[in-house]
Number of protein chains: 2
Amino acid sequence: MHIDQATEAGLREQLATLYDQYDQLAARGLSLDLTRGKPSAAQLALSDSLDGILDGNYRAADGTDTRNYGGLDGLPEARALFGGVLGTTPEETLVGGSSSLTLMYQVMDFALREGLRGADSAWSNAGQVKFLCPVPGYDRHFSICEYLGIEMLPVRLLETGPDMDQVESLVAADPDIKGIWCVPRFSNPSGCVYSENTVERIARLPRLASGQFIVMWDNAYAVHQLYADAEPLACISEYARQFDTMDGIFQFGSTSKVTFAGAGVAFVGSSERNLSTFKAHLAFQTIGPDKVNQLRHVRFLQDADTLAAHMEQHAALLRPRFEAVLETLERELGGTGMGTWTRPRGGYFVSFDALPGLASEIVDLAAAVGVKLTPAGATFPCGRDPEDRNIRLSPSFPSLEDVQASVEVFALCVKIASVKQKLGR
Amino acid sequence: MHIDQATEAGLREQLATLYDQYDQLAARGLSLDLTRGKPSAAQLALSDSLDGILDGNYRAADGTDTRNYGGLDGLPEARALFGGVLGTTPEETLVGGSSSLTLMYQVMDFALREGLRGADSAWSNAGQVKFLCPVPGYDRHFSICEYLGIEMLPVRLLETGPDMDQVESLVAADPDIKGIWCVPRFSNPSGCVYSENTVERIARLPRLASGQFIVMWDNAYAVHQLYADAEPLACISEYARQFDTMDGIFQFGSTSKVTFAGAGVAFVGSSERNLSTFKAHLAFQTIGPDKVNQLRHVRFLQDADTLAAHMEQHAALLRPRFEAVLETLERELGGTGMGTWTRPRGGYFVSFDALPGLASEIVDLAAAVGVKLTPAGATFPCGRDPEDRNIRLSPSFPSLEDVQASVEVFALCVKIASVKQKLGR
């Protein structure tokens with residue numbers, strides 16, 4: 001029954017029943033965790049043959065000895081393979097170490113303090129730097145801004161991506177806005193895929209801005225569909241070439257959720273000019289990335305078809321977990337008016353919006369009976385969700401059984417908080 | 001014969017002969033390279049079993065799945081093994097990615113811009129930051145300072161390490177001096193090992209300084225002796241504990257010249273307090289290092305004895321190359337007064353001091369007949385050797401035959417430049 005249609009007496013009765021269930025749960029001493037988007041052990045095992053795959057042959061295709069120093073760009077074959085994921089040419093692709101977050105931090109730090117076009121272009125020259133942050137979004141993007149002293153302006157994330165009317169009017173009006181964070185496919189946490197029109201308009205943004213504006217295009221889930229017919233993402237590089245805005249777009253990706261999390265290969269795509277200046281910045285910090293691991297990845301993932309087949313194996317492991325979440329939410333909360341949630345076709349998250357003001361309470365209720373959820377607010381700049389309603393659910397890591405149990409607890413906590421609120425406490 | 005004892009006629013005759021030899025060399029179309037301290041392919045092959053060593057077992061000793069996210073500190077067993085190299089406890093050791101240069105940059109960047117003890121302690125608050133740079137030294141240390149806008153004050157490097165009288169009086173007198181770069185064992189390029197007294201005095205430096213002073217202790221060649229009886233290095237941690245200065249000392253190392261160059265494991269040792277604040281800085285840039293590669297290294301290098309036995313195999317490959325350099329220099333230049341050079345018992349370099357004003361010319365002469373040497377001045381801040389006399393020779397990478405040929409060319413170029421200078425050109 002919809003919560004608005006219940007009588008006060010009915011709600012009181014319901015709450016008593018819910019608390020009974022909650023007390024029973026508390027007695028079970030659960031210890032479950034839906035907090036982070038980590039691959040499960042079974043997913044990781046799909047790539048176990050990485051170690052040993054070189055079979056004593058450490059030479060890259062061009063004869064480079066990957067065991068020795070050098071090659072800030074990454075191996076040519078790795079640049080070709082991962083450029084293919086981003087839609088950039090090998091020349092527009094740099095393959096680095098194991099963390100795309102590191103590459104993103106380095107680009108932001110570089111643009112802020114050193115300047116993409118020399119010292120005069122450093123954002124830090126021009127007072128307060130601002131960045132657009134579609135919300136809900138990825139906490140680690142926001143942390144980079146917070147750490148670097150960049151003011152974050154939240155913009156609405158719609159089912160088609162960021163609200164582009166809002167984005168365009170902000171960018172046109174405020175020269176202090178230097179960029180925007182995007183997770184364009186299976187966005188973290190909503191799971192939405194940016195529409196073709198959104199991609200096109202984002203590719204045009206650098207022309208709209210008055211200064212050095214960059215799109216931070218974190219394509220973390222580029223090949224991470226759960227279903228073969230999941231919505232594809234339009235290629236931003238194609239639009240950027242059309243609008244001559246490649247200089248204003250940095251694309252990122254990694255194999256952390258393809259092979260090993262934190263022990264894969266990360267890559268960045270942008271204009272050749274950007275990569276050339278960025279490399280000059282990197283050269284002060286490193287002699288070059290781990291090319292041996294890059295070679296392992298190329299031997300293992302080979303080409304787009306092999307990569308796609310590998311990702312289907314991931315999808316087979318992830319699908320039941322996502323379906324358990326969605327079926328449970330529908331069964332327990334469908335039609336109750338107690339919340340809305342996304343139905344992603346890929347990625348690692350389900351985004352849940354509770355009734356305003358309840359997210360923190362729901363997370364606390366769940367924690368008290370042994371179910372850890374991502375902290376409420378984590379999906380907003382500085383950890384503050386102005387409506388206190390968004391909760392990110394991450395079903396990838398636990399067993400199917402634990403996912404099921406966790407979401408049942410979660411739904412119960414949503415109900416308790418919602419009914420309590422309705423009763424005015 | 002010593003150049004000062006030769007008559008002008010003798011010198012002219014000698015120069016003619018030297019030019020004949022030089023012309024014959026030019027005709028040979030050599031292409032040799034003594035520029036960088038890279039391991040040879042045979043050295044790298046000593047670690048070929050790294051790939052595949054896990055044999056499907058990706059679990060660390062404490063059960064951690066190295067294939068998944070997490071663990072900014074590095075694996076406990078890696079912290080124990082590499083802490084052993086530095087003389088730090090596992091708690092005082094952080095194991096990172098593949099590059100110790102990256103760790104050094106991150107520490108410098110952090111101390112400069114964010115502050116080791118909060119924003120108030122950031123070096124950048126206090127006007128011009130200065131760093132002591134023993135010379136000749138490692139160009140990439142100097143590049144970090146140059147890039148970060150840190151003024152470099154050269155100090156003399158003696159056979160016992162930096163001239164500590166000079167260092168102490170500078171540090172005591174100038175509060176803008178925030179630290180010192182050190183390569184304490186088999187220093188790059190001189191090959192000297194800091195004496196026990198020098199290590200003790202350096203460990204005390206942070207007490208002598210008025211502000212936040214750090215010793216950047218790049219122990220890159222900690223276990224890289226060429227001879228079993230090579231001079232050991234006193235443990236700076238022991239002195240630092242005695243003087244309570246661990247907060248002022250950051251020690252670095254890597255396996256780049258133990259296993260694979262650029263694809264090994266890098267580590268930093270300091271006080272637990274320092275590592276704790278440093279980790280908070282790193283957390284904005286990465287979720288964690290490549291633990292799979294750390295596990296490979298622990299399985300491969302195992303313990304101090306296995307590591308030492310492995311390094312003996314490196315030494316067996318390096319020794320003949322160093323001996324070829326030293327024997328050739330002695331034979332060709334001994335007693336001529338045309339230069340002095342070091343006789344390192346470990347590390348990767350021989351440091352040669354020509355007569356003042358001749359280093360660039362010698363490097364150019366060698367380049368013109370196909371022998372690449374490290375650019376003159378590279379061992380000094382901003383690439384400027386005030387006396388233009390130091391040249392770094394790196395015999396590790398080429399074949400023994402090529403090392404031999406290169407040094408013969410080098411010696412010839414030294415003679416030409418020296419005789420020309422003596423003749424007043």
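Quick note: the coordinates plus some simple rules give every number you see, no bench work behind them. Since the structure is predicted, the reported quantities are computational estimates derived from the model, not experimental observations. In this analysis, Cβ positions are derived from the backbone assuming ideal geometry, glycine residues included, and neighbour counts consider all displayed protein chains.
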(message) Below 8 Å between Cα atoms, with a sequence gap of 6+, how large is the relative contact order for region B:132-272 in percent?
(response) 20 percent
(message) Given an 8 Å cut-off on Cα distances and at least 6 residues of separation, report the relative contact order of chain A as a percent.
(response) 26 percent
(message) Let me spell out the model: positive unit charges on the Cβ of Lys and Arg, negative unit charges on the Cβ of Asp and Glu, origin at the Cα centre of chain A. What dipole size does that give, in debye rounded to 20?
(response) 480 debye
(request) Treating only the Cβ atoms of Lys and Arg (+1) and Asp and Glu (-1) as charged, compute the dipole magnitude of the protein assembly as shown about its Cα centre; round to the nearest 20 debye. (result) 240 debye
(message) If neighbour count is taken as other Cβ atoms inside 10 Å, put A:TYR239, A:TYR138 in order from fewest to most.
(response) A:TYR239, A:TYR138
(request) Anything over 26 Å Cα to Cα? Flag those among A:LYS291/B:LYS257; A:LYS257/A:LYS291; B:LYS178/B:LYS279; A:LYS178/B:LYS279, in the order listed. (result) A:LYS178/B:LYS279
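Just flag the GluC sites (Glu not before Pro) in region A:336-425 sitting in loop per DSSP whose Cβ has no more than 16 other Cβ atoms within 10 Å.
Details: sites: A:GLU361, A:GLU387, A:GLU401, A:GLU408; in loops: A:GLU387.
Here the GluC sites (Glu not before Pro) that fit, given the DSSP loop and packing criteria, are A:GLU387.
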(request) Mind checking which aspartates and glutamates have their Cα closer than 17 Å to the Cα of B:LYS415? Skip sequence neighbours fewer than 8 apart in that chain. (result) B:ASP4, B:GLU8, B:GLU13, B:ASP20, B:ASP23, B:GLU327, B:GLU330, B:GLU332, B:ASP353, B:GLU361, B:ASP364, B:ASP388
(message) Taking B:ALA283 in one copy and the same position in all the others, each labelled 7 Å out along Cα→Cβ, what are the pairwise distances from the first, in nm, shortest first?
(response) 3.5
(message) Compute the angle between helix A:359-368 and the longest alpha-carbon principal axis of chain A, please, reported from 0 to 90 degrees and rounded to the nearest 10.
(response) 80 degrees
(request) Give the residues of region A:308-328 whose amide nitrogen is closer than 20 Å to a point set 7 Å from the Cα of A:ALA228 in the direction of its Cβ. (result) A:308-323
(request) Take each of the peptides B:184-192, A:305-313, average the number of other beta-carbon atoms within 10 Å over its residues, and list them starting from the highest. (result) B:184-192, A:305-313
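Where does each of A:TYR69, B:TYR221 land when they are ranked from fewest to most other beta-carbon atoms within 10 angstrom?
Listing A:TYR69, B:TYR221 from fewest to most nearby Cβ atoms yields A:TYR69, B:TYR221.
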(request) Choose one of B:SER237, B:ALA111, B:VAL258: the residue whose Cα lies farthest towards the positive end of the charge dipole of region B:69-302 (beta-carbon charges +1 Lys, Arg; -1 Asp, Glu; about the Cα centre). (result) B:VAL258
(message) Among A:GLN285, A:LEU318, A:PHE349, whose Cα projects farthest towards the positive end of the dipole of region A:260-388, with charges put on the beta-carbon of Lys, Arg (+1) and Asp, Glu (-1)?
(response) A:GLN285
(request) Taking just the C-alpha trace of region B:211-358, give me its Rg and Dmax in Å. (result) 19.4, 58
(message) Tell me the mean residue ellipticity at 222 nm calculated for chain B from its helices only (DSSP H runs of n ≥ 4, each -39500 (n - 2.57), averaged over every residue, nearest 500).
(response) -13000 deg cm²/dmol
(request) Between the label point of A:GLY118 and that of the same position in each other copy, find the distances and list them shortest first in nm, with every label point placed 7 Å from Cα along the Cα-to-C-beta direction. (result) 4.1
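Over all directions, average the projected area of the Cα convex hull of region A:60-302 and note it in nm². Intermediate values should be presented prior to the final figure.
Values: hull surface 49.2 nm².
Over every viewing direction, the Cα hull of region A:60-302 projects on average to 12.3 nm².
Among B:PHE131, A:PHE300, B:PHE82, which comes first, second and so on when ranked by fewest other beta-carbon atoms within 10 Å?
Values: B:PHE131 24, A:PHE300 18, B:PHE82 29.
By the 10 Å Cβ count, ascending: A:PHE300, B:PHE131, B:PHE82.
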(request) Could you work out how far helix B:8-28 tilts from the main Cα principal axis of chain B, as a 0 to 90 degree angle to the nearest 10? (result) 60 degrees
(request) For chain B, state the semi-axes of the equivalent ellipsoid (square roots of 5 times the eigenvalues of the alpha-carbon gyration tensor), sorted largest first and rounded to whole angstrom. (result) 40, 27, 17
(message) Can you give me the angle between helix B:164-173 and the longest principal axis of chain B, using Cα atoms only, in degrees from 0 to 90, rounded to the nearest 10?
(response) 60 degrees
(message) Quick check for me: using +1 on Lys/Arg Cβ and -1 on Asp/Glu Cβ, what's the dipole size of region A:1-124 about its Cα centre, in debye to the nearest 20?
(response) 160 debye
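Between B:ASP165 and B:ALA367, what FRET efficiency follows from the Cβ-Cβ distance if R0 is 45 Å, with the result rounded to 0.05? Before the final figure, lay out the partial values.
On the way: r = 38 Å, r/R0 = 0.85.
That pair, B:ASP165 with B:ALA367, gives E of 0.70.
Please give the FRET efficiency for B:ASP176 paired with B:ARG384, using the beta carbon to beta carbon distance and R0 = 25 Å, rounded to the nearest 0.05.
Taking R0 as 25 Å, the efficiency between B:ASP176 and B:ARG384 is 0.75.
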(request) Just grab the label-to-label distance for A:GLU330 and A:GLU238, each label 7 Å out from Cα along the Cβ direction, in nm (one decimal). (result) 3.2 nm
